[in-house]
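The structure appears right after this line, and notes come after that.
The values are calculated or read from the model by the stated rules, or taken from the named source; none is laboratory data. Worth saying up front: this structure is predicted, and the values here are computed from it rather than measured. Every residue, glycine among them, receives a Cβ derived from its backbone with ideal geometry; neighbour counts consider all protein chains shown.
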Amino acid sequence: MLSEKSLAEIARERAKYPADQARSVLLAALRIAQEEHGYLSDAVMEHIAGLLGIPAIQVYEAATFYSMYDLQPVGRHKLCVCGSVSCFLNGSDAILQHLSERLGVSPGETTADGLFTLQEVECLGACKDAPMLQVGDHYYENLTQESLDALLAKLRGESDDVR
């Protein structure tokens with residue numbers, strides 16, 4: 001189910017915690033599994049439960065609570081638009097609408113070419129520079145329609161310039 005590399009990485013994480021605290025490694029194990037498979041299928045989550053010796057429901061609870069985990073395949077670039085109060089008051093609804101129109105998908109959907117998944121998420125902690133979105137490990141703040149268009153072009157490989 002998981003590669004030897006992923007199993008070794010989970011074992012390294014597991015070694016950081018006391019023997020009776022297997023659940024402490026759950027978030028790391030989910031991240032590792034998602035990096036390998038692209039998303040967390042039911043079978044992968046059940047496998048992780050078995051590896052950690054915890055009930056499968058605890059794995060499902062964590063995977064469904066945090067927006068960083070995907071329970072279905074996603075595009076190469078997951079565009080996570082913050083929809084919390086600061087971002088909303090600074091126009092995140094217009095940002096989400098612009099992306100939806102440009103990509104031809106609604107939040108929670110993936111483009112037909114598999115390049116983008118659009119998602120609205122809760123607070124990403126960049127309130128002073130709202131509105132913002134996250135793509136992978138990168139935050140893009142003080143968004144405008146122009147900066148979004150430049151970002152989409154860069155992610156499509158059409159441009160190297162992102163304002």
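If we scan segment 38-54, do we find a residue that is in contact with a Gly (Cβ under 9 Å, 6 or more places away or on another chain) and crowded, with 19+ Cβ neighbours inside 10 Å? No; the residues of segment 38-54 include none that is in contact with a Gly (Cβ under 9 Å, 6 or more places away or on another chain) and crowded, with 19+ Cβ neighbours inside 10 Å. Residues that are modelled with pLDDT under 95 number at least 3 in the following helices (runs of 4 or more DSSP H) confined to segment 1-89: 85-89.
Per the listing LEU71, LEU26, the residue uniquely in contact with a Ser or Thr (Cβ under 8 Å, 6 or more places away or on another chain) and not assigned by TED's automatic domain parsing to the domain that holds PRO107 is LEU71. When ALA126 is tested against the conditions (1) at pLDDT below 95; (2) within 19 Å of VAL74 (Cβ to Cβ), the lone failure is (2).
In segment 108-146, the residue that is farthest from TYR39 (Cα to Cα) out of those that are of a type in the set (Ser, Thr, Tyr) and in contact with a strand residue (DSSP E or B) (Cβ under 7 Å, 6 or more places away or on another chain) is TYR140.
Annotation note: of VAL81, VAL105, the sole residue that is surrounded by 15 or more Cβ atoms within 10 Å (Cβ to Cβ), without any contact (Cβ under 8 Å) to a residue 24 or more places away in the chain and in contact with a strand residue (DSSP E or B) (Cβ under 8 Å, 6 or more places away or on another chain) is VAL105.
Among the residues making up segment 90-117, those that are assigned to a helix (DSSP H, G or I) and over 20 Å from ASP137 (Cα atoms) are ASP93, ALA94, GLN97, HIS98, SER100, GLU101, ARG102, LEU103. Out of the residues in segment 113-146 that are small (Gly, Ala, Ser) and surrounded by 15 or more Cβ atoms within 10 Å (Cβ to Cβ), state the one that is farthest from the chain's Cα centre (by Cα). Checked segment 113-146; the qualifying residue farthest from the chain's Cα centre (by Cα) is ALA130. Among the conditions (1) among the acidic types (Asp, Glu); (2) in a strand (DSSP E or B); (3) over 21 Å from LEU40 (Cβ atoms), GLU120 misses just one, which is (3).
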